[in-house]
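What follows is calculated from the coordinates using simple rules that are stated; it is not laboratory data. Owing to the predicted nature of the structure, the values given are computational and were not obtained by experimental measurement. A quick note on method: Cβ atoms are made from the backbone with ideal geometry, for glycine too, and the neighbour counts reach across all protein chains shown.
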Amino acid sequence: MKTFRINQVAKMTGLSKEVLRTWEKRYRLLSPERGPNRYRLYKEQDVDLLKFLVKEIEQGQSIGELASLGKDEILARAKERSKKEPETLPRDQILVELEKHLLPLDPMAFEKRLNDLVVLLPFEEAFNRILVPLQIRVGELWFEGKLDISVEHYVTAQVKQKLFAAMNMISFEQRGPKVLIACPPWELHEIGAQTIAYFCANRRCQVIFLGSNLPLANLIHFNSLTKPEAILLSFTSDISENKARAFFTDLSSQIQPPCPVWAGGQGIKGMKPLFEKANIKIINDLDVLEKLLAEITF
C-alpha cells in the first residue's frame, strides 16, 4: 500500500504541516503510522479524507462540525462526492462568502468564516488568495458607499491581526536585503504597508517597519541610522501632485546614504511622470515588488 510523508500530504492537500498535526491530535480523524525513523506515514485514504475536509470547509463547514461525524461517515461522504467531481471554491466565491457577513455586518460569522479559511491554507496562499483580495474588495465597497468606514476599519483590524501573527512566525535570522517600510506624514492607514512588510519578510528581507504618519525628517534620520538597501513607502490616501513633488524632492535631496525609493498604493495613481522624474519606482502590484526585491537581493 502506498504511503506519503507529511510534507507530501501538505502539498497534495494545501494544508500546512502544523494544521495536519493539530487535526490529528484534536479531532483524531487521522492515525498515521510511524516509519522506522518515526516519520508519519499517511495512507491514500487519509489523503482522500483530507481533500474532502478542505472542500467542505471552503463551502462553509467548520472542522469541528465535520469531525463530529466520525471518520467512517466522512469517508462515505467523500466517496459519494468524488463521483460528482466538484471543483474547489474559486477565489471570487470566497470573497462573496465573506462579503455576505459584512452586508449586513455579522462579526461573529465573519470572523469564524475568515479564521476557518485562513487556518485551512499555508499562510502564503491565504495571504494571496484571501487577505489581499479581501482588503481590495472592502476598499471598493467603501468607495461605492456600501460599507461604513467603521466596517472597513473592523476588517482591516482582522487582517492586521493575522499579518502580525504570521510575521511573528518568520525567523528573525534573516540574511536578505534590509528594507525600510513606512507611510508618509499624511498617511494614517498602515494596512497596505503591513501587507508589503509581510510579503518582504517572507522573502527573507530584513524588514524595518515604521508604520503610519512618519514625518520626513524622521524618515531621513532613521535611514541614516539603519542604512537600508531600499525604502518602501505606502500611500492609500489621495494627495495633490504639488504635495507629492515637495515631499519626494526633499526626500531625494536629503536622504543619506542614497538608496532606492519605491512607492505603492492607491494614492499615487496618475503620478507616474512625477515619480519617473524623481527616479522612484512605482509598485503597481506584488509581482512588481517581487522583481524589485530580486534586484537588491545579495
Inset, instruction - Name every residue in the range 205-230 that is buried (at least 22 other Cβ atoms within 10 Å of the Cβ) and under 18 Å from L286 (Cβ atoms), in order of residue number. - result: C205, V207
Inset, instruction - Count, please, the residues in the range 120-134 that happen to be over 9 Å from the mean Cα position of the chain (by Cα) and buried (at least 18 other Cβ atoms within 10 Å of the Cβ). - result: 3
Inset, instruction - Output the qualifying pairs, or none if there are none: Cβ atoms under 7 angstrom, residues six or more apart or on different chains, first residue in the range 37-49 and at negative phi, second residue assigned to a helix (DSSP H, G or I) and surrounded by fewer than 16 Cβ atoms within 10 Å (Cβ to Cβ). - result: V47/M12
Legend entry - Extreme residue, surrounded by the fewest Cβ atoms within 10 Å (Cβ to Cβ), among residues of the range 249-298 that are under 23 Å from V132 (Cα atoms) and among the polar types (S, T, N, Q): N284
Inset, instruction - Please report, ordered by residue number, the helices (runs of 4 or more DSSP H) entirely within the range 55-169 with at least 1 residues that are touching a Ser or Thr at 6+ places or on another chain (Cβ under 7 Å). - result: 107-120, 132-143, 149-169
